[in-house]
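Working notes for the structure below.
Please treat every number below as a calculation from the coordinates, not as lab data. Everything numeric here is computed off the predicted structure, so don't read it as measured data. Neighbour counts run over all protein chains shown; Cβ positions are idealised from the backbone, glycine included.
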């Protein structure tokens, strides 16, 4: 039993990122801000107690605990990626593990729509996050197109003002994520020499 949780596991971290990105955008569009984390490791469960209508399964290792722990380290509607998994995903583009490396070396890779371009260090450089507000097809989604961010940002700013400081920080961090996503999109356009992505 999980309380207000969505649990996804599989063997293709890069392949699932666009699907998770789409889910985040749909949820944000509907006013639902979620935090999540991806970690390296295989999730498994050991049956511990089974009744006719209830089965209790517990993980035998720390994979789930690491994901939950990582998710709690940042505020806002964020998708965090464990450092070791980010390094694995960016193994062919190691320079992208830093902001400086991305800016300096992004032009060498012409795969402008690759989801890996959205993996960036968090502002405190403690882990990585997905800049999911930059989508592959900017014009096909309501929230995914950066021209529509004004309305979303106005809405988030309104809610931020209505909340206590602790709760308002989630809205502030989500607003900052939108800005970081747009910034990554713009520097990528500039470095690759493409007017629209």
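Numbers for the structure displayed
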| read-out | value |
| --- | --- |
| Label-point separation in nm, residue 16 to residue 189, each point 7 Å along Cα→Cβ | 3.2 nm |
| Footprinting exposure proxy for 133, 159 (fewest neighbouring C-beta atoms within 10 Å first) | 159, 133 |
| Cα→Cβ-extended label distance, 7 Å offset, between residue 62 and residue 103, nm | 3.5 nm |
| Estimated FRET transfer efficiency (residue 159, residue 72; beta-carbon r; R0 22 Å; 0.05) | 0.55 |
| Residue exposure sequence - 38, 163 - by fewest surrounding Cβ within 10 Å | 163, 38 |
| Residue 125 versus residue 27: modelled label distance in nm, points set 7 Å from Cα along the beta carbon direction | 2.9 nm |
| Additional length obtainable on full extension of the chain from residue 176 to residue 113, 0.36 nm per residue less Cα span | 20.5 nm |
